[in-house]
Amino acid sequence: MRTLDDLIAEGVSGRTVLVRSDLNVPLDGSRITDDGRIRASVPTISELSAEGAQVIVIAHLGRPKGGPEEKYSLAPVAARLGELLGAPVRLIRLADGVPSMAAGDVVLLENIRFDPRETSKDDGERGALADELVALTGSDGAFVSDGFGVVHRKQASVYDVALRLPAYTGSLVSAEVEVLRRLTESPARPYVVVLGGSKVSDKLAVIEALLPSVDRLLVGGGMCFTFLAAQGHSVGDSLLESEQVDTCRQLLESGKIVLPSDVVVADDFSAEANTRTVGAGAIPDGWKGLDIGPASVAAFAEVLAGAKTVFWNGPMGVFELAPFAEGTRGVAQSVVDATAGGAFSVVGGGDSAAAVRALGLPEDGFSHISTGGGASLEYLEGKQLPGLAVLDK
């Protein structure tokens with residue numbers, strides 16, 4: 001794959017460069033609640049701008065249904081991106097074409113998913129949109145793929161544009177690929193994976209792919225209750241995927257999976273609920289587990305203390321609610337401590353990355369914080385990611 005460095009060496013001054021970034025940030029109305037993905041996108045955009053390119057950034061926000069929706073406008077993102085770049089970033093619509101741009105200017109195209117062709121399964125429809133995007137660049141345009149969070153999608157601005165222009169990896173995508181190769185090809189041992197999140201079914205493929213290569217797999221979050229049920233425990237009103245119990249029972253036969261020994265339970269899903277800490281096999285009827293308990297945090301910390309490679313994806317509980325945040329905080333701090341002790345640690349994007357920032361943990365306490373939860377997991381599963389495969393054309 002050709003990289004941003006290769007493109008810079010060829011020369012970009014006066015050229016128009018399309019950059020596919022991942023700016024899909026959480027919003028509270030028009031307020032960005034976590035700008036991590038925007039900040040991660042700045043280095044590539046900034047370098048191209050500094051080299052005199054005319055940069056057109058393509059991105060999406062949310063999942064609009066077939067057309068423009070004001071709540072998914074990238075206007076707040078354009079404003080924040082401009083602040084981080086130290087120069088205004090104009091928000092433009094594809095239908096209006098590109099305004100006059102000087103060398104170094106950056107514009108942001110309005111949410112590309114406002115056009116249903118972006119996510120179409122029809123090659124012709126996606127190709128038609130890609131042709132319109134390519135037409136914005138002129139005869140010497142280039143494409144930089146820097147949205148790792150979308151490279152597992154075969155979409156117009158991710159895949160089809162790369163077929164039509166000289167294509168390069170941005171610094172963010174290059175870094176992500178290098179980190180994931182390190183996890184899959186030559187992890188230092190012991191290699192410990194921490195998985196959380198709500199559903200086993202969401203992580204089943206990655207568990208099956210990782211179990212042969214890891215030394216320990218620590219399971220928390222809502223998904224742990226299906227594993228506990230597989231051990232014969234009653235889980236009260238906790239999240240349970242009963243159709244996955246037999247599969248979890250088979251996975252436990254590996255002897256590598258470590259489950260919580262205690263959990264924080266509540267009589268309601270709210271910050272004001274009554275709570276108590278109970279053994280993992282003693283969840284009362286009518287109560288639901290919403291976090292791992294302190295003994296589990298200590299046990300997980302002991303495993304992590306000896307690790308040389310750590311991959312963490314998914315919170316240990318409902319960290320957004322204060323009574324159920326300590327499991328995630330404790331495990332995250334244990335990963336930070338392991339990193340300080342020489343371990344190579346990767347936070348697998350999505351809710352895990354959001355938890356790091358929401359809980360006030362030091363981002364530089366981890367070796368790498370990914371911007372692509374789903375893409376990271378699919379890479380680790382061994383799947384071919386269309387947005388990467390096309391860059392090898």
Amide H neighbours of Val57 at under 5 Å, excluding residues fewer than 5 places away on the same chain, with H built from the backbone geometry, are Val19, Val107, Leu108, Leu109
Counting alpha carbon pairs within less than 8 Å and at least 6 residues apart, what relative contact order, in whole percent, applies to the chain? 15
Dipole magnitude (debye, nearest 20) for region 234-305, charges at Cβ of Lys, Arg, Asp, Glu: 260
For Arg189 paired with Ala282, estimate the spin-label separation in nm (one decimal), with each label point 7 Å from Cα along the Cα-to-Cβ line. 3.7
Please give the length that would be gained between Ala295 and Glu272 if that part of the chain were fully extended, namely 0.36 nm times their separation in residues minus their C-alpha to C-alpha distance (nm, one decimal). 6.0 nm
Each label point is 7 Å from the Cα along the Cα-to-Cβ direction; what then is the distance between the points at Arg90 and Ser254, in nm? 5.3
With R₀ set to 35 angstrom, the calculated FRET efficiency between the beta-carbons of Ser139 and Gln384, to the nearest 0.05, is 0.65
In straight Cα distance, which lysines are under 24 Å from Lys308, not counting same-chain residues fewer than 8 positions off? Lys203, Lys256
Roughly how many debye, to the nearest 20, is the charge dipole of the chain about its Cα centre, given +1 on each Lys and Arg Cβ, -1 on each Asp and Glu Cβ, and no other charges? 320
What is the sum of charges, Lys and Arg at +1 and Asp and Glu at -1, for the other residues whose Cβ falls under 11 Å from the Cβ of Pro284? -1
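All of the numbers you see were taken from the coordinates with simple rules; none came from a lab. A quick note: this is a predicted structure, and the numbers were derived from the prediction, not measured. Cβ: placed from backbone, ideal geometry, glycine included. Neighbour counts: every protein chain shown.
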